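Any read-out appearing in this document is the output of simple, stated calculations on the displayed coordinates, not a laboratory observation. Values in this document were obtained by computation on a predicted structure and should not be read as measured data. Here the Cβ positions follow ideal geometry from the backbone for every residue, glycine too, while neighbour counts run over all protein chains shown.
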Amino acid sequence: MSAALPLLAPRDLDAPLAWCAGVPVSAAQFIAEAQWLAERLPPGARPVNLCRDRYLFALGLAAALLRGQTSLMPPNALPETLQQLCSDGRIVVLHDDPAEDAAGLPALAVARPAGLAPARTVPLLSADLEAVCLLTSGSTGPPQPHVKRWGPLVANIGAEAQRLAELLGRDSIAGLNVLATVPAQHSYGFESSVLLALLGGAAFDAGRPFYPADITAGLARLPAPRALVTTPFHLKALLLAGVALPPAALVLSATAPLSPQLAAQAEQALDARLVEIYGCTEAGQVAARRTTDGPTWTTLGALHLWREGEGEDERFLVAGGHVTEPTPLADVLELQDERHFRLLGRANDLIHVAGKRSSLAHLNFHLNRIEGVDDGAFWMPPEQADGVTRPVAFVVAPALSEAQVIQALRERLEPAFVPRRVIHVDALPREATGKLGARTLEEFARAQLDGETRFEVPADHPAFEGHFPGQPVLPGVALLDLVLQALATRPALQARVGATPSLDEVKFLAPVGPGSALRVLLREQGAALAFEVRRGPICVARGRLSAGTAA
């Protein structure tokens, strides 16, 4: 028979567990509302918790726990993702937005009931209860499940809370008020906001601010001591905004390594201690460090690490405490002992250039340290024409030229990893957590490098008149004009061929009629540019642009 563990860690039931628009909600009130909602969950249901309001998310989670149900947390709320769960007929979508697209699945709106008497007893749960199932996207196929039982979650958050209290010089984190920019459905946001309150003794704000002004207002609404749970991406944007920030006791960061310079800047701006959390979906939270104290991470609780294998077969594993079975990590570590290590980068993002080895995470770390780079990422394209693959850097850096970024990287990186190309973009396609998925980056990079531009041919385009009666077809010269329009939006590509390029090897392969949606793709081809005009999967025209005088 498994042990029974409480829904909430020991605390004053009349003290705030959460803050909703600046109004405190006590732990006793939360329990009563969760019990009320639990009675309304369908028997045997598997809830998919999509609530954006963090308090309503926590209510849905607690209600499911009280009914012995496992909450499913998908990587996103897209209908196609939800449809992949349809094989389980017990699914019910919990939401707090009437416009939520539940992909045809049964849905239940989560709202707070009125007039409930506060509960005076904390419910107990089985330590073996499958509390949540985190669904992470695989490269193909349906989301991959990672089940978390209540007992290990309690141990994990207890170890985190203890480490945070030590780093803050406090006996506990009781009374710490947490504002999080990370969605509650993400494992880090789930653990370090909702669970840090339920199982660590803190209180969380119901909102999920994104813009610097909203983060500032959210912090100002909370009483001290405050904590900001965020990511390097959100933190950098907040500090670049230059707004005056309310003091906080703690800034918690995860999802990517933080530079010591940005950590120091954050500590100064918020008068706080900045702590990073290292972990993964499979093992949960593994280690923490105060970044300004140095690069060494220390494992949480009873966790310990070791290495297996050599060379390409090398891997690092963690076990102990809340990790009941040896679990491989996806990173390359430099072990100092079984509890202390340095993080060298992702095992699956190691790259080799000219006989040298590095990781994309390491390159991104140095790229984002450059003053004037608001955001940036390296990408490794397929093998190039000369047989050597070299990294490309995409940057959001309005005040810096390509040459300035490259020069700054030369001062930080080995020559083999300095990109030959730095491409300026308005923004990178990051997720709400600040993460930049490998597949998303690849699609984004290809679109940028191919120079994709979209056009829609209006039905009343003047070129259709008389060309041809009864069967209008867009003439080739109009298609070539679209190519030149697309080129004009890509200054870096246009610089290769000049303002009046020559057209070579042009072929028109399929007719284009009224209302057609076209894509013009431009890519480098030696000193020239190759172009294609596509309608869906069909190539309707292709050719080359080279420096010279237009024909």
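Send over the per residue convex hull volume for the range 330-475, Cα only, as a whole number of Å³. Don't jump to the answer; show the numbers that get you there.
Details: hull volume 28.1 nm³, N = 146.
It comes to 193 Å³ per residue, whole-number rounded.
Can you return the lysines within cross-link range of K435? Criterion is Cα-Cα under 19 Å, with same-chain partners fewer than 8 residues away left out.
Answer for K435, where 19 Å is the Cα cut-off: K236, listed by chain and number.
Can you tell me the length gained on complete extension of the stretch Q265 to T292, counting 0.36 nm per residue apart and subtracting the Cα distance?
Details: separation 27, 0.36 × 27 = 9.72 nm, distance 1.00 nm.
Taking 0.36 nm per residue and subtracting the Cα distance, the gain is 8.7 nm.
Helix 27-38 against the longest principal axis of the chain: what's the angle in degrees, Cα atoms only, rounded to the nearest 10?
70
How far, in degrees from 0 to 90, does helix 438-450 lean away from the longest principal axis of the Cα atoms of the chain, to the nearest 10?
So the helix axis and the longest Cα principal axis differ by about 20 degrees.
What does the charge add up to near A249, with Lys and Arg as +1, Asp and Glu as -1, over the other residues with Cβ less than 10 Å from its Cβ?
Numbers: positive: R170, R226, R273; negative: D271.
Net of charged neighbours comes to +2.
Taking the number of other C-beta atoms within 10 Å as the exposure measure, put T292, T433, T230 in order starting with the fewest. Before the final figure, lay out each step's value.
On the way: T292 15, T433 21, T230 29.
Least to most surrounded, the residues fall as T292, T433, T230.
Quick one: if you stick a label point 7 Å off each Cα along the C-beta vector at A117 and A220, how many nm between them?
With each label point 7 Å from Cα toward Cβ, the separation is 4.1 nm.
Between A517 and T136, what's the calculated FRET efficiency when r is the beta-carbon distance and R0 is 22 Å? Round to 0.05. Provide the component values of the computation, followed by the final result.
Working: r = 33 Å, r/R0 = 1.51.
Step by step, r from the Cβ atoms, then E = 0.10.
Counting other beta carbons within 10 Å of each residue's own, what order do L400, L94, L56 fall into, fewest first? Can you show the working numbers first?
Working: L400 20, L94 27, L56 24.
The order, fewest Cβ neighbours first, is L400, L56, L94.
To check you understand DSSP bridge types, tell me what percent of the beta bridges within the chain (both residues inside) are antiparallel, rounded to 5.
Details: 68 of 99 bridges.
In the chain, approximately 70 percent of DSSP beta bridges are antiparallel ones.
Based on the alpha carbons, how large is the Rg to Rh ratio for the chain when Rh follows Kirkwood?
Numbers: Rg = 27.0 Å, Rh = 26.2 Å.
Rounded to two decimals, Rg over Rh is 1.03.
So, by mean Cβ neighbours within 10 angstrom, what's the order for 130-136, 167-173 with the highest one leading?
130-136, 167-173
Given R₀ = 35 Å, what would the calculated FRET efficiency be for E325 paired with A109, taking r from the Cβ atoms and rounding to 0.05? Can you show the working numbers first?
Working: r = 38 Å, r/R0 = 1.10.
Computed FRET efficiency for E325 and A109 comes out at 0.35.
Treat each spin label as a single point 7 Å out from the Cα along the C-beta direction, and report the R40 to I538 distance in nm.
For the pair R40/I538, the computed spacing is 5.2 nm.
What's the extension gain from A354 to T389 if we count 0.36 nm per residue and subtract their Cα-Cα distance? The partial results should precede the final answer.
Numbers: separation 35, 0.36 × 35 = 12.60 nm, distance 0.88 nm.
Here the answer is 11.7 nm.
If the only charges are +1 at each Lys and Arg Cβ and -1 at each Asp and Glu Cβ, what is the size of the charge dipole of the range 451-546 around the Cα centre, to the nearest 20 debye?
Approximately 320 debye in magnitude.
In percent, what relative contact order does the chain have, based on Cα pairs under 8 Å that are 6 or more apart in sequence? Could the numbers behind the result be given before it?
On the way: 1108 pairs, mean separation 44.4, N = 551.
8 percent.
Which value, in debye to the nearest 20, describes the size of the charge dipole of the chain about its Cα centre when Lys and Arg Cβ atoms bear +1, Asp and Glu Cβ atoms bear -1, and nothing else is charged? All intermediate terms of the calculation are to be shown ahead of the outcome.
Values: 47 positive and 57 negative charges, 48 e Å.
Approximately 220 debye in magnitude.
Taking every pair of distinct Cα atoms and averaging 1/r, then inverting, what Kirkwood hydrodynamic radius in Å comes out for the range 250-363? Display every interim value, and only then the final one.
Working: mean 1/r = 0.0665 Å⁻¹.
This gives a value of 15.0 Å.
Using θ = phi - 60° and the Karplus form 6.51 cos²θ - 1.76 cosθ + 1.60, what ³J(HN,Hα) does each residue of the range 505-521 get, whole Hz, x for Gly and Pro?
6, 6, 10, 9, 10, 7, x, 10, x, x, x, 5, 9, 10, 10, 9, 10
Can you tell me the relative contact order of the range 349-449? Whole percent, Cα pairs under 8 Å, sequence separation 6 or more. Don't skip to the answer; put the middle values down first.
On the way: 140 pairs, mean separation 23.2, N = 101.
RCO, the range 349-449: 23 percent.
Place a point 7 Å from Cα of Q525 in the direction of its Cβ. Which residues in the range 477-508 have their backbone N less than 11 Å from it?
Under cut-off, by backbone N: 504-507.
Towards the positive end of the charge dipole of the chain, with charges on Cβ (+1 Lys, Arg; -1 Asp, Glu), say which of P118, A241, A206 has the farthest Cα.
Towards the positive end, the residue furthest out is A241.
Could you line up C539, C51 from fewest to most neighbouring Cβ atoms inside 10 Å?
On the way: C539 14, C51 23.
With the fewest neighbours first, C539, C51 line up as C539, C51.
Evaluate the distance, in nm, between pseudo-label points positioned 7 Å from the Cα of R412 and of Q336 along their respective Cα→Cβ axes.
Between R412 and Q336, the simple spin-label model gives 2.4 nm.
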